[in-house]
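Student: Below you will find the structure I want to go over with you.
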Amino acid sequence: MEKTPIRLLATNGLSRHYGGVIALSEVTMAVHPGQIFSLIGPNGAGKTTLFNCVTGLDKPTFGNVEFLGEPISGFRPDEVTALGIGRTFQNIRLFADLTVLDNVKIGRHPRTKSTFIGSVFRTHRQQSEEADITQHAHEMLTFVGLNDISDQTAGNLSYGDQRRVEIARALATEPKLLLLDEPAAGMNPQETQELIDLIYAIREQGVTVLLIEHDVKLVMQISDWVTVLDHGEKISEGEPADVQNDERVIEAYLGVTDE
């Protein structure tokens, strides 16, 4: 008897309505450990809404989200992060006036245990933990290739480097699953290739990747599985070659209509 593959993340009939607007309609999909899983579709297809429902920034109207077989719909964002789901955002959300290092250190704090009293009185445990946070942040910056500029102000970096800082901050939470929302947006070809290499390296570290991306060439190059949304509905899923040749996908992207 064939075993059912382990599902790291699953959405079951996931729907999100905003008044009369249906942003997501009964989307069911599953992400398996070790995958690079891409979620694509035209603008307004519901991709970021799905990310928000997964990470606790939004609540499903119907359906649910499961992580490692357990329901997580309704969890707060910090609770979702603690479970092992990290994310970046379509619009970069760095603290522009802080250093690169401090931005990544912030990502590590959900894994800390120091109390308010410990922070006030600078106990030995608090100091030790702060040193660990700093060391881990440097390790994440080394991983994404930015440790040599850790003392620079984040707002002064190039767009591509700011994306890398955001990825490093998400990795600092020690995710089992990393959600990347349009990571290649605004990147030049060289930066895009460096991003591809980084995504592969992230998977090699045992982190499963789920990304939203408009760069279809990138998606088809790196993905193990692709799900396509259009107007909030899943219209196709499968291996990249199959999805790329699906008439429904071609129609959604090119706007082909029956004569």
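Student: Calculate the all-directions average of the projected area of the stretch 1-62's alpha-carbon convex hull, and give it in nm².
Tutor: For the stretch 1-62, the mean projected area of the Cα convex hull comes to 5.3 nm².
Student: Sticking with this one: Ratio of alpha-carbon Rg to the 2.2 N^0.38 Å globular estimate for the chain, to two decimals, please.
Tutor: 1.06
Student: To the nearest 20 debye, what charge dipole does the chain have about its Cα centre, counting +1 at the Cβ of each Lys and Arg and -1 at the Cβ of each Asp and Glu?
Tutor: I would put it at about 1120 debye.
Student: Please give the helix 124-144 orientation as an angle from the longest Cα principal axis of the chain, in degrees from 0 to 90, rounded to the nearest 10.
Tutor: On a 0 to 90 degree scale, this one is about 50.
Student: Could you report the chain's accessible area per residue, 1.4 Å probe, as an integer in Å²?
Tutor: 51 Å²
Student: What's the lysine pair count for the chain at a Cα cut-off below 23 Å, pairs eight or more apart or interchain?
Tutor: 11
Student: Then there is this: Report the trypsin sites (Lys or Arg not before Pro) located in the stretch 1-106 that are in a DSSP loop and have at most 10 other Cβ atoms inside 10 Å of their Cβ, or state none.
Tutor: Loop-located and lightly packed - 3.
Student: Here is a further query. Computing the accessible area with a 1.4 Å probe over protein heavy atoms, can you report the carbon and sulfur percentage for the chain?
Tutor: The value for the chain is 50 percent carbon and sulfur by accessible area.
Student: In whole angstrom, how far apart do the alpha carbon centroids of the stretch 8-47 and the stretch 81-107 sit?
Tutor: 23 Å
Student: To the nearest 10 degrees, how steep is helix 159-171 against the longest Cα principal axis of the chain, on a 0 to 90 scale?
Tutor: 80 degrees
Student: Measure nothing but the geometry: give the 0 to 90° angle between the long axis through the Cα atoms of 189-204 and the longest principal axis through the Cα atoms of the chain, rounded to 10°.
Tutor: Here the helix axis deviates by roughly 80 degrees.
The values are calculated or read from the model by the stated rules, or taken from the named source; none is laboratory data. The structure displayed is predicted, hence computed values, not measured ones. Note: ideal-geometry Cβ built from the backbone for every residue, glycine included; neighbour counts use all protein chains shown. Ligands, DNA and RNA are stripped out before the accessible areas are found, and what is left, the full protein with its side chains, is counted by its heavy atoms. Shrake-Rupley method; radii C 1.70, N 1.55, O 1.52, S 1.80 Å.
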